[in-house]
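To keep things clear, I will list the structure first and then write my remarks on it.
The values are calculated or read from the model by the stated rules, or taken from the named source; none is laboratory data. Here the structure is a predicted model, which means the values were calculated and not measured. Every residue, glycine as well, gets a Cβ built from its backbone with ideal geometry; the counts of neighbours run over all protein chains shown.
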There are 2 protein chains.
Amino acid sequence: MKTENSLQKTLKIKRFMIESGRPIVFLNEKTAEAMQISAGDRVVVVFEAHKRMIAMVDLMNQVSPSEIVLSKEFSAFINGSVKRVTVYPASYPKSLPLIVKKMHGKELDKLELRTIIEDITQNALMEAEVAYFVSAVYEEGMTFKETVNLTDAISSTGARLSWGKRDIADKHSIGGIAGNRTTPIVVSICAAAGMTMPKTSSRAITSAAGTADVMETLTKVDLTSSDLQKVVKKTGACLAWGGSLGLAPADDKLIRVERLLNIDPEAQLIASILAKKISAGSKHILIDIPYGFGAKVTESQAKGLGKRFVDIGRRFGLNIKIMTTDGSQPIGNGIGPNLEMRDVLSVLRRHNPPLDLEKKAILLASTLLEMTGTAQKGNGLVMAKSILDSGAAYKKFDEIITAQGKKHNSLKTGRFEYHLTAKSPGTIKSIDNKKVNHAANLLGCPEEKSAGLYLYKHKNEKFSIGDRIVTFYAESQSKLEEAKDFWKGSRPIEITH
Amino acid sequence: MKTENSLQKTLKIKRFMIESGRPIVFLNEKTAEAMQISAGDRVVVVFEAHKRMIAMVDLMNQVSPSEIVLSKEFSAFINGSVKRVTVYPASYPKSLPLIVKKMHGKELDKLELRTIIEDITQNALMEAEVAYFVSAVYEEGMTFKETVNLTDAISSTGARLSWGKRDIADKHSIGGIAGNRTTPIVVSICAAAGMTMPKTSSRAITSAAGTADVMETLTKVDLTSSDLQKVVKKTGACLAWGGSLGLAPADDKLIRVERLLNIDPEAQLIASILAKKISAGSKHILIDIPYGFGAKVTESQAKGLGKRFVDIGRRFGLNIKIMTTDGSQPIGNGIGPNLEMRDVLSVLRRHNPPLDLEKKAILLASTLLEMTGTAQKGNGLVMAKSILDSGAAYKKFDEIITAQGKKHNSLKTGRFEYHLTAKSPGTIKSIDNKKVNHAANLLGCPEEKSAGLYLYKHKNEKFSIGDRIVTFYAESQSKLEEAKDFWKGSRPIEITH
């Protein structure tokens, strides 16, 4: 509606340090008036030749009419030597009528989905508009074709890793299970067997810890693409954080809006996972879908979801295998970054490992070994076990964390602890993943690496009077008390006498 | 999750003038860290004894750890003498799981809707979360009971006007029709007949002009509640802007989010209109629902919507009457604030009035006269016409604008003009409201009062070679050109030869 030329201004960057969580520019009221815009409107910010970014406008008297303040979110994109930027009012986003179309239950085609994802990537949509899109996908669902096109759009708008001729393998869990830190073990076994596994993981948002939080206890995880490629070239694998690689920038924004309500439309879940794998250059992908009480999906949902992963992956030439696993209780004993790393090390070092964690990791690794032809069909389990028992997996793990930037850390537990002991004999009937994760959050996870809880017993295990059931660890007495109060009120562990 | 006491801070207000479109506080990074919050999180800001407001957090180095900057949006609530405020992290909004419940198609009860509307009023929800709610209502609809409870919740959370024993009448149009400036005429006729009509109107968002924009050409429209009551006491009516009265603050926020996609879920449309009428103390309400090509609804939708207005209004003791009217083309000749006021004055002064506008205004006024018992059944039309013809309506109009604060204004048209003339004889087949409104926006409406367009012909009217069809008015040549380009490309007027 408003033409670029008549309303554009070239302004001097004033260095203020403002962090807003989203790109914001601060303009003088007079500048905004001349540009015919108000607080909350969007402008295009042009820096250097063809680089541009869309941002919301705040008005500020402390900026002169010839100046502009850019929020910290620009700093990753704008070179420090840039002194001036040109701004003009952003045009009406083309994707808005397409979002309305989806809300009306109509199918979006390839170009339309591409338009929406590009607008999200370029920050042309406000979070409220992204929420409308997420909600439309959640309420109306997506056809097979739409999900394929959404995956394509998300993977096409970000960076890509390339690995030459090597076949890249990956594993992924849809999450939701406390503990469940199989990834470092699986990657170490597979890489020790000669496979190439550039594994990137997420940080926890609502759970006690993500694989990236756990790896961070012992190594640097925020690698650049080129550091990551060096590590993989040297060791055959990595165990890094995926957030700093820009593989699927639209997805990060979608996830942020989904997290507000903790909703995760299936089509977006599939597109999000597969787009990241495609951008990371993966070929063979094993997806772990835990199901059951307290997990994200039921057994039948797990089967349906698995089938869609396989079918859609096939359209992108991916070899996907699904493993539906028991997700009705936590895996391993430790919940929280340091405690989970202790479990991982106990498996790798063959010293008192939690058997559920070890068994699941071996099963996943053996499947990957067979999927990639590294082991012959039927020989995966034996190969995985022998790599673990021989110490080759532990050696590989140490190589990887050394290449990434090893930290020396005694993996201590929180200064304040509390032991919950049995007052009468009984049996563990159930352990609720969601409540256990929430208790760990209250104890300080994932920010405080030493916080968390230790489960001594799993489902169907018996205990006697005085046996420890669980120990809480925190860095402050008040957090310990909050978690104890929550535990008392919500009973994450049910027992029978 | 986080307790109030351990994380609360009392901070000194630093006076920066920042306008953000929503309440924002700026904190030093260290303060935020001590409070365990990040940019984009929400805090409760406590000022004076029990007053509080929720705001988003931005981080800024230019604020010291003992200081806080409050955005301009606080200034209407915080007394200038307040030196310090206390802030603490806001708790998880109770309404989020309720929004998910609605997304799953479940009915919300009275308390649940109240919780959502209170959270919106207190700014506890981000715009993306409000968008999820709007979208859920749009996709899932609302039951009769829900719509009643939503109306009740919205009207209960704002200010209320009270009028003692007087019966208050009101008219409302659901909008969408270019021109259509009946309100000033209807209110003048009814008030001249002795009715009490404290009419508040909105400003245009996507159309060429709202009644408040048009009235503003000749009088002050942003009245305080007490000014408004004085005007009504003196003249029996007012023609003011409703936005400054705080009658339904949740509704203003809902509308802002709805406008992003230009969606208007029916339940929210009904609740929004009725809640404002209830808060304004109205008893008799005439609702104009224009239907047809280019209008907001079809004829059958108009009938269904009208029935729901009546049924829901009855639950609040309102006497509602519906008038479904032809909305397939603009009403009157002028489109734009000054041009529409010229039309209104020509009707009131009985000098070359656009007959469609005059006829519709008389019909609406006569219905109101009968609804309120001011005219006997069947006598409304005669009474309305005689009040108009006698000059009593014009006299009342002048009394009202004088009481509000009359402006002397020649109602000039834009400096740049362009006449579209017929190149061959023909007949007007259709005129598209939406496209006409958009052309008026391009010409500078509603910000520029003198901009807009003048329609010489309506549907089914014939024209000869050289006849003027439409004239454009703008304050700049570039706006004139933009509107001409749009007109050429989109053909708002269809003709037959």
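Key figures
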| item | result |
| --- | --- |
| When residues of the stretch B:253-267 are limited to those that are at the interface with another protein chain (Cβ under 8 Å from one of its Cβ atoms) and touching a residue at least 40 places away in the same chain (Cβ under 8 Å), the one surrounded by the most Cβ atoms within 10 Å (Cβ to Cβ) | B:Val257 |
| Hits in the stretch B:232-252 (condition: more than 14 Å from chain A (Cβ to nearest Cβ), assigned to a helix (DSSP H, G or I) and over 20 Å from B:Gly164 (Cα atoms)) | B:Pro249, B:Ala250, B:Asp251 |
| Test: A:Leu98 is assigned to a loop (DSSP other than H, G, I, E, B) and either modelled with pLDDT of 95 or more or surrounded by 15 or more Cβ atoms within 10 Å (Cβ to Cβ) (or both) | no |
| Lone qualifier among A:Ser450, A:Ser490 - being without any contact (Cβ under 8 Å) to a residue 60 or more places away in the chain and either buried (at least 16 other Cβ atoms within 10 Å of the Cβ) or out of contact with any Cys (no Cβ under 8 Å at 6 or more places or on another chain) (or both) | A:Ser490 |
| B:Cys190, sole failed condition from (1) in a helix (DSSP H, G or I); (2) modelled with pLDDT under 95; (3) surrounded by 22 or more Cβ atoms within 10 Å (Cβ to Cβ) | (2) |
| Sole residue being crowded, with 22+ Cβ neighbours inside 10 Å and in contact with a Ser or Thr (Cβ under 7 Å, 6 or more places away or on another chain), chosen from B:Asn437, B:Asn460 | B:Asn437 |
| The stretch B:245-262, subset more than 12 Å from the chain's Cα centre (by Cα) and modelled with pLDDT under 85, residue nearest to B:Leu228 (Cα to Cα) | B:Gly246 |
| Pick from the stretch B:383-409, criterion surrounded by fewer than 17 Cβ atoms within 10 Å (Cβ to Cβ), of a type in the set (S, T, N, Q) and modelled with pLDDT of 95 or more, ranking: farthest from B:Ile469 (Cα to Cα) | B:Thr402 |
| Filter result for B:Ile117 (aliphatic (A, V, I, L, M) and modelled with pLDDT of 95 or more) | yes |
| Test: residue in the stretch B:263-284 that is in a strand (DSSP E or B) and out of contact with any Gly (no Cβ under 8 Å at 6 or more places or on another chain) | yes |
| Complete set of residues in the stretch B:390-401 that are closer than 12 Å to B:Met215 by Cα and without any contact (Cβ under 8 Å) to a residue 60 or more places away in the chain | B:Asp398 |
| Count - residues of the stretch B:285-312 that are touching a helix residue (DSSP H, G or I) at 6+ places or on another chain (Cβ under 8 Å), farther than 12 Å from B:Thr147 by Cα and assigned to a helix (DSSP H, G or I) | 1 |
| Single match in B:Glu73, B:Glu127, B:Glu107 (criterion: at pLDDT 95 or above and at negative phi) | B:Glu107 |
| B:Ser38 vs. criteria within 30 Å of A:Ala32 (Cα to Cα), of a type outside the set (Val, Ile, Thr) and surrounded by 18 or more Cβ atoms within 10 Å (Cβ to Cβ) | no |
| Selected residue (criterion: farthest from the other protein chains (Cβ to nearest Cβ)) from residues of the stretch A:55-77 that are within 16 Å of B:Ser20 (Cα to Cα) and surrounded by fewer than 19 Cβ atoms within 10 Å (Cβ to Cβ) | A:Gln62 |
| Selection count where residues are outside any strand (DSSP E or B) and under 22 Å from A:Gly336 (Cβ atoms), scope the stretch A:415-437 | 7 |
| From the options B:Gly373, B:Gly426, B:Gly414, B:Gly378, residue that is in contact (Cβ under 8 Å) with a residue 12 or more places away in the chain and farther than 30 Å from B:His497 by Cβ | B:Gly414 |
| Any hit, the stretch B:137-152, residues being within 14 Å of another protein chain (Cβ to nearest Cβ), in contact (Cβ under 8 Å) with a residue 40 or more places away in the chain and not in a helix (DSSP H, G or I) | yes |
| Among residues of the stretch B:215-239, those that are at pLDDT below 95 and among the small types (Gly, Ala, Ser), counted | 2 |
| Residue satisfying condition, being modelled with pLDDT under 90 and of a type outside the set (D, E, K, R), within set B:Phe26, B:Phe16, B:Phe47 | B:Phe47 |
| Criterion (modelled with pLDDT under 95, within 14 Å of chain B (Cβ to nearest Cβ) and under 16 Å from A:Ile331 (Cα atoms)) met by exactly one of A:Asn433, A:Asn441, A:Asn437 | A:Asn437 |
| Residue match in the stretch B:239-251 (condition: crowded, with 24+ Cβ neighbours inside 10 Å and in contact with a Leu (Cβ under 6 Å, 6 or more places away or on another chain)) | yes |
| Any hit, the stretch A:462-482, residues being within 27 Å of A:Met215 (Cβ to Cβ), out of contact with any Lys or Arg (no Cβ under 7 Å at 6 or more places or on another chain), within 14 Å of chain B (Cβ to nearest Cβ) and part of a helix (DSSP H, G or I) | yes |
| Residue in the stretch A:29-40 that is free of Cβ contacts under 8 Å to residues at least 40 places away in the same chain, away from chain B (no Cβ under 11 Å) and of a type in the set (S, T, N, Q) present | yes |
| Matching residues, the stretch B:117-136, being within 13 Å of chain A (Cβ to nearest Cβ) and out of contact with any Pro (no Cβ under 8 Å at 6 or more places or on another chain) | B:Ile120, B:Met126, B:Glu127, B:Ala128, B:Val130, B:Ala131, B:Tyr132, B:Phe133, B:Ser135, B:Ala136 |
| B:Glu370 vs. criteria touching a Lys or Arg at 6+ places or on another chain (Cβ under 7 Å) and more than 27 Å from B:Ser207 (Cα to Cα) | yes |
| Unique match (being touching a strand residue (DSSP E or B) at 6+ places or on another chain (Cβ under 7 Å), basic (Lys, Arg) and closer than 22 Å to B:Ile116 by Cα) among B:Lys283, B:Lys303, B:Lys253, B:Lys277 | B:Lys277 |
